[in-house]
Every structure is written in structure tokens, then in C-alpha cells.
1. At 10 °C and a viscosity of 1.306 mPa s, what translational diffusion coefficient does Stokes-Einstein give for the range 516-754, taking Rh as the Kirkwood radius over Cα pairs? Give it in µm²/s as a whole number.
2. Tally Lys/Arg at +1 and Asp/Glu at -1 over every other residue whose Cβ is under 12 Å from the Cβ of MET819; what's the total?
3. Please give the solvent-accessible surface of THR836 in Å², to the nearest 10, using a probe radius of 1.4 Å with every protein chain present.
4. Given a cut-off of 32 Å, name the pairs among LYS424/LYS566; LYS462/LYS725; LYS566/LYS853; LYS307/LYS818; LYS818/LYS851 whose C-alpha atoms lie farther apart than that in the structure shown.
5. What is the packing order of peptides 687-693, 55-61, taking the mean over residues of other C-beta atoms within 10 Å and listing the highest first?
6. For a label point 7 Å from the Cα of LYS816 along Cα→C-beta, name the residues of the range 467-485 whose backbone N is under 20 Å from it.
7. Using a 1.4 Å probe, what is the accessible area per residue for the range 516-754, in Å²?
8. Return the Rg/Rh value of the range 26-75, two decimal places, where both radii are evaluated on C-alpha atoms and Rh is the Kirkwood radius.
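The values are calculated or read from the model by the stated rules, or taken from the named source; none is laboratory data. The shown structure was predicted, so the numbers you read here are calculated from the model rather than taken from an experiment. Cβ sites come from the backbone with ideal geometry, for glycine too, and all protein chains shown count toward neighbours. Just the protein is used for accessible areas: all its heavy atoms, side chains included, with ligands, DNA and RNA removed. Shrake-Rupley method; radii C 1.70, N 1.55, O 1.52, S 1.80 Å.
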Amino acid sequence: MDQFATLEPNHRPTTFSSKCMKRAAAKHLIERYFCQLTEGCGNGACTNEFCASCLGFQPLDHNTAAIRALELYKMNAKLCGRHSTAFPDNSSAKETHPALSGDRHGKMPDHEDNLFPPREDFREVHYLTEEKVYEILSICEGKKDYSPLIRVIGRIFSSADALVQSFRKDKEQHPNTKEQRKTHQAKDEDKDEDDKERTTAMEQESEASASMEGATGSTENRLGPVEVSVDIEAVRRVYDRLLSNEKIESAFLNALVYLTPNVELDLTYLDVYNTNPDYLNIFIIVMENSSLHSPEYLEMAMPLFCKCMSKLPLPALAKLTRLWSQYSVEHIRRMMETFQQLITYTVISNEYDSDSLVNDDECVVAAAKCLKLVFYANVLGGDLDTGHNEEEEPASESSELTLQELLGEERSNKKGPRVDPLEKELGVRTLDCRRPLIPFEEFVNEPLNDVLEMDKDFTFFKVDSESKFSFQSCPFVLNACTKSLGLYYDNRISMYSERRITALYSLVQGQQLNPYLRLKVRRDHIIDDALVRLEMISMENPADLRKQLFVEFEGEQGVDEGGVSKEFFQLVLEEMFNPDIGMFTYDESTKLFWYNPSSLENEAQFTLIGIVLGLAIYNNCILDVHFPMVVYRKLMGKKGTYLDLADSHPVLYQSLKELLDYEGDVEEDMMITFQISQTDLFGEPITYDLKENGDKIPVNADNRKEFVSLYGDYILNKSVERQFKAFRRGFQMVTNESPLKCLFRPEEVELLICGSRNLDFQALEETTEYDGGYSKDCRIIKDFWETVHSFGEEDKRLFLQFTTGTDRAPVGGLGKLKMIIAKNGPDTDRLPTSHTCFNALLLPEYDSKEKLKERLLKAITYAKGFGML
């Protein structure tokens, strides 16, 4: 029996101190296991269940056998003795599986080339440098034969060990002769330990830095340069020089095909990155190849390469992300497009259904995970604001025991939305990025959204996230419509859960409880009634707010199937945003509302507004609300800054910007101090010191940035702190346990609440339904759509406001809006009317197109106060 046959993988002899000898022994054992699984030992009476010669052994293909051989090696399984008919030197294993041929990392086989003498065969080249590549290229160009360079590229780029050592910044780390390599082996082992300790120290230092900057509210990118041992610029120059040659380009492709299976095995079974952090060089070098998006790579090499990259440990993924964040926009975009094209290519090349989900496609899943690295690199490389975070308030809890607590259970999502591990490792959130290098919208993959079955994906996200992949863990690749569908499932399941819990609670407690959130209000006292009822619910049991909403107007008959609730929302908002109430101020230039810092209303009124917005999301209802974007950023956890004034207070923003850009003597010419003045609800001036004794501190060129920052903080945060905290408290009562924060960006939250500004009336026409005798082929209907399509942008918005109660489209566009046009009698002088709660237009059958247009324009123009039912 071979001397290595009894070698135990977990107790290796100390005589083999060299790392290379250990690897050789492991390789030899794995080859023997592979040969035993594929060819057997040759003994017809063999009883080893891991041997192909054993009676009843099921034959394995070579890929399965290679994986099984590694497993047997790890478990120190039994090896049969050699038999005369077996392959004594394991040559069969080397020939039949590339992962076991050549060295440990499956180098592509060399072939003799008679055109070159032995001294020019470059067999002594064990790694590549930029100079060595150019040297070989020069020789090949002189002889007009590139086969030696092709062989070298194939050999080096198909070997993980060789690629890790290639294109290093420090050339002294690369011994050329066998004697030098032997001398450097011991140094490499010491270096690995030093690198590991240094990496740990850097991580600890990074964590300390993050906490310091979080306390001071720094807005600068806290990430310093990421040091790697590979010379990236040299790699790029080499690729640029070689990829123009078609024959050489194919060598890179073939090498990557050979390389990836072995890298996958390394990352699956061996702790290669922690042993040698430079293992990351493989991925850095390969990703610099500008041809990765070509069809040949997408089909043959990239699927498994992405799978390998997704298997990297979290610290390696974070380091790769930080490195890429320092690349130019062009390089980041190229990587993004490569992974996007792989996802698209795979999706359109396959057919998916309920039995074959895209979630089970390893290629798409791996590419999405790799795209996540590029996405966070895009975030880190953009304009970051890791400070200015709103203080989180503890979630409201019921004073009574819930059914889950009575039964000894807990809500699975009680702690709120999950945190992405990579996001946590990087110490940055998507919300922290004000302006990414590449717009977030470019990361959305529409073909993937088209084939994704959101009900299944949602189940994986909420229930089976450990064993099944959910694309909601990569929300950047999903469009707002797909994500809103996931939120819809979450909301509906919560409603059904609350309904079921209420029924069980009634059995346990013997009390009859209402399984719905029922509000009975009077039209003339809608604010008072809603406020009292919702305030009682929020104090007694906030979980009731997550029940399905049913609204009943006192003294009116009707079943709430969505329409009554929509009317309730409209009436509440119309009352709350009435300028006479004084809760909000209205800017005529921006058409936006902002909190009135001098409002006399109590906090409960603002809490009610927050609850209404949360209920609108929860019950899938669009509201006619006009807030600046900073409100949604604050709801998601970020404080307002000077930059947000551009949207909410554009005149003030322009003034402050001119102050920052002023090139003259700020103190003498501007004559302003750190004391500002505003007018209250009654028009009386009030002053506020941005700093202590602010009236005595002049603003000059040195402190003007501080002045601008404090001014923005006061206007957007401090002056409305009481109002906004109450508002956010109400909003979170409804949404605290939903995946809203982890799925949606602030602009998408606005889209959920208010709808889209993009109006596609062609899509609306295609989805509109008809009633009362009308059909799409009627003359009046054809005239109607010709008239509407001829409207300008403003008239179209007025029509939408008249018909649906809001001038915006729902998430997904007007095609998602179910509008009904019903006949309202014969020709008449009466105006069209609408039921906004049902998106229904009541249209008389006018006898001419001109009359139809005149009546319709008058109705939508003067609809405020009448015409809408």
C-alpha cells in the first residue's frame, strides 16, 4: 500500500513541514479516492462501499466523483489496497478530470512546440509580471507565432496558486528559481500569519472609526484606500495589450473555464482566504478582463465564476466591495453591466414556472449576489452621509398579553426588518448615499422581474431564507412594482394573521373580539372621531392597526370594499392639510406642504397623520399628499441637511448657496450673525440662536459652512422636532414590523404613498372597463379617448384628479389603475361626474365630440367643491 494511504487528514505527520508537501500529500490522496470511485480497486470481492469494484456500487460521473473524493478525504474514509488491474499511478484520474490533472489547481496541460527551442518554452515561468508578459509577447511577435504566450497564459491563468502570485506590486515576493522559492516558502507562511493579524487589527480599527464618526455625524467617506498586493494598473495594461489578439483572448477564456472548478472546491472545503488573504487577487485580476460580457464568457465561464465569488467569506466580499468603490465610474459600470447581462442572458435562455423557479437557478442567484458587491461599491463611491441619523424610538407595545405570548410564542418579525450582512460589515446603508456613482435605477433587471413569482419569493424571504434564496435580499435588482407586490403579500398575511390570532384569542379568553380595524366616523366630525378611535387603539393594542381596515360613515349604508376607506383617507387629509387649521404651511412655488413650527395643534393630530399614511401603505391606497423628499428620508431614519432645503425651501437654499459661493468679504458685506429670525403663526417675528450667544458671533468665510449646516438643521429638524416625532410615531405604529425599510428607498416610499408622476394614458385606455351599456367600440368612448389623448399635461392631471382623487399613477403606472366609465343617461347639458372612491367616471352620451370636450374640460377644471361624489 502507498505510504500516504494511512495518512489521516486531521492528523498529518509533522515531518511534512513544508506547505507544498502537505498539498502534494492531500492531492495524492484525493486522486486515489477519485480513481477508487471511478475505476475501482480491481478486486472483484471488494467490500468497501466507497469503491467502484464493490458489488452494488452505483456508478458516478466524473464531476460527482471529484466532489465525492474530496468528501472522502475529509472524513478519512477507507482506501482499498492497489490491485494489479487498477491504475497504479492514478493517470486515469488525471486524464478524465481536469481538476485532478496538472498541479493542485488543475493547470491547463502544456504541449511541446517544435517551433521553439526548449530555452524559449518558458516552463520556468511560475507567475506573470507585466514585464514578463511583454517579453514573451515580443519574442512571439518576432517569430509570428503566439503559441508560447498562449500556453503560458493558459498555465498561469488556470492555476489559482500561480494567479495569486502574479502581477504583484512587490517583485521581491516572487522568487524565480527553485532555490529562491524554497527560501521564500517559510517567509510566506510567516507572512500569512502577519497578514491575518494585520487584517484583524484593521477591522477593529475600522469599527472604532465607524463609531467615532457616527457620534460626530461626519458626512465624509470614512473608507481609506484598500491595500491589495496585486498591481491593478499593470493588469489593466496587460489586458488592453493582449485582448486585441483573438487567439490570445480565447486563451483567457479557456483558462478561466479550467480555473473556476478548482477555486470553487477551494472555497467550499478549504479556508483559503483566511490562510492567505491574497487569494482575493484571483477575483481582482479576472474581473479586470473587459471581455467578460461577451457571449462566450457568459455561456461558458461566468456562471461558475460568479458561483465561486459568491462563496467568498464575508470579510473578503467586503474588502472586494471597498476596493471596487475606489474604481472609476466606467470600471464600476462595466462590472455592473457584466453581471446584469449574465442575469438577462440566463433568464431569456430558460423557461421558468411554478415548478422551476428562477430562485432555483444557481447562475442567476450567484450573479445577483455578485451584483450586490458592485451595488454597494457604487454606494460607497458616491456621496455618503453616514451621520445625521434620526434617533429611533422604541416600538409601541400592547399593555396586554398577546396570544403568541399566552401560547409561549413570539412574532417571527417582531424585531423589525433584517439587516443585510454585507451592509453591516461595510457599515453603510443604501439610505446613507445621497448620490451614487451610477443611478440606482440602472441596477434594476426587468427580465428578472418579469419571471419572478413574488408569492414564492416572499415565502422564501420570510420563512425559508436559510435554504432558499429570495431576491428580496437583493432589492436593488427589483423594480418598485415588484417590491410593492412583496409588501402587499406581507401586509395581507399580517392582516390574515391578526384575524386568525383574534379568533384564537377569543377562544382562549372567552371574549368576542373584532377581527378587523373598524372605524365608525361622522362626516362632520371626521377628525375628532378618527383621532379618538385610533388613539385608543394605539394605546391599548397597536397590533390592531395591522388588521384590515373597514370604514363606516354614520347614518350611511354601504359596505367598505376599498372605496369607503379611500374616501375616508381623502377627507381626513383634506381637513388636516387645510391652511386654516395651521398644521402645515403651503409653498405656492413648489406646491409642497411643510410642518408649521408654530402650530398650536397637539401631537395627537400629527400622530393621526402618520397613522393615516401608514394605513394607506398597509391597505394599498394612494393618497393625494404633497411632501418634499426630505420627509420620506426622515421617515426612513435620516435627518434633514442643508442639501434637502433645495427641495423643501428652494428660496432659502439658494440664499445659503450664494453665501457659500460668495468670494467677497462675507463678514463686512453680508453682516449676518448666528442668530436667525422667523415669523410665527400670527406674523410676529421670533429669533433663534444657532449657537450660544449667536447674535454676537458674525458669520465669516471661515465659519459660513457651520452656519449653513446649523441653519439647515434648525429648519428641517429642530424647529419641527415635536411635530415630526409625533408624525413618525404614528407612521411606525403601522409599518414598524413590515419590510418597508429594507426593501424601499425614500423615493420609492413616496411612490407607494403618492403614486407616480409619469402618466401613460395609452396604458390606462387598454385597462379601462365599461358599464351601463358602453363598450370600447362605442362612438362616445372613441371620442372620449381621442379627446383625453389630445389634452396637455396639466389637463391630463386634472382629469386624473377628478376621476381618482389624485393626479398621480399607482406604482407600476396607469395600467395598474382599474378605471370604470359608466353611462349616465342620454345627451344632456349636465357635466360628467365621478366616484373617486371607485375610480368611476359617469359620462352622459353627448351627441358630439365638441360638446363632450367642452363639458369634460369644464368638469375637471371647476371640480373643486362639486362634481366629485
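1. Details: Rh = 19.6 Å.
Stokes-Einstein gives a translational diffusion coefficient of 81 µm²/s.
2. Values: positive: LYS816, LYS818; negative: GLU765, GLU766, GLU769, ASP771.
That sum, taken over residues with Cβ under 12 Å, equals -2.
3. Counting only protein heavy atoms, the figure is 10 Å².
4. Numbers: LYS424/LYS566 39 Å; LYS462/LYS725 30 Å; LYS566/LYS853 28 Å; LYS307/LYS818 43 Å; LYS818/LYS851 26 Å.
The answer is LYS424/LYS566; LYS307/LYS818.
5. On the way: 687-693: 13.4, 55-61: 9.7.
Highest mean packing first, the order is 687-693, 55-61.
6. Within reach of a label on LYS816, which here means backbone N under 20 Å from a point 7 Å along Cα→Cβ, the range 467-485 contributes 471-485.
7. On the way: 10720 Å² over 239 residues.
Here the residues of the range 516-754 average 45 Å² of exposed surface.
8. Here Rg/Rh amounts to 0.95.
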